[in-house]
Amino acid sequence: MLQPGALLALGAGASFAGYVLLTRRLSHAAPPLVTLAITSLVGLVVTSAVLPAVWVTPSGAQLAAMAAMGAIGAAGHYLMIRAYEQAPAALLAPFGYGEVVTATLIGYIWFGDFPDGPTWLGIAILVASGVYISLRERVRRGT
């Protein structure tokens with residue numbers, strides 16, 4: 001069904017794909033901290049466009065949580081940049097499927113939501129496609 005939530009999920013997926021592609025491209029063009037700064041600035045500019053419409057002043061605890069999330073996100077992004085410097089994208093892509101497992105566990109534990117049959121079929125198709133591409137690329141490189 002085409003609902004606003006589905007469109008937001010599609011937008012999130014497209015945004016994440018753009019983020020990964022930009023990170024991969026910049027990982028070979030600039031030092032990791034420069035890449036981290038550039039992608040962070042792009043995210044800041046894009047998300048700041050909607051800020052005036054949705055701003056709510058955060059409490060001290062919320063500011064601390066946001067700072068912690070920012071630090072963890074920056075560390076994760078830095079590690080991702082370093083990974084793209086060290087290995088080809090086709091080799092790293094299957095590790096992204098760990099996100100599916102994590103998201104499923106968080107959804108179940110925190111929200112009581114568990115994927116249905118068609119969702120599992122879609123997940124299986126995505127994972128199988130990614131693993132196939134990774135293996136095909138490995139064979140092409142002769143490793």
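Numerical summary
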{"read-out": "The chain: Rg to Rh, with Rh as the Kirkwood radius over Cα pairs", "value": "1.00"}
{"read-out": "Backbone HN-Hα couplings from phi across segment 6-16 [Karplus 6.51/-1.76/1.60, Hz, Gly and Pro as x]", "value": "5, 5, 5, 5, 4, x, 5, x, 5, 5, 5"}
{"read-out": "Val54 versus Ser15: modelled label distance in nm, points set 7 Å from Cα along the beta carbon direction", "value": "0.7"}
{"read-out": "Mean Cβ neighbour count within 10 Å, used as a protection proxy, ranking 43-52, 95-104 highest first", "value": "95-104, 43-52"}
{"read-out": "Relative contact order, percent, segment 1-122 [alpha-carbon distance under 8 Å, six or more residues apart]", "value": "29"}
{"read-out": "Cut-off under 5 Å, modelled amide H: who pairs with Ala30 long-range", "value": "none"}
{"read-out": "Sites Val127 and His28, calculated FRET efficiency, Cβ-Cβ separation with R0 25 Å, nearest 0.05", "value": "0.40"}
{"read-out": "Order of Ile123, Ile81, Ile109 under a 10 Å beta carbon neighbour criterion, fewest first", "value": "Ile109, Ile123, Ile81"}
{"read-out": "Residue-wise HN-Hα coupling along segment 71-84, computed from phi with Karplus coefficients 6.51, -1.76, 1.60 (Hz; x: Gly, Pro)", "value": "5, 5, x, 5, 5, x, 5, 4, 5, 5, 4, 4, 4, 5"}
{"read-out": "Separation of alpha-carbon centers, segment 12-71 and segment 82-109, rounded to whole Å", "value": "19"}
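Bear in mind these aren't lab numbers, they're just calculated from the coordinates by the rules spelled out. Not measured: the values here are computed from a predicted model. Here Cβ is always computed from backbone atoms with ideal geometry, including for glycine, and neighbour counts include all displayed protein chains.
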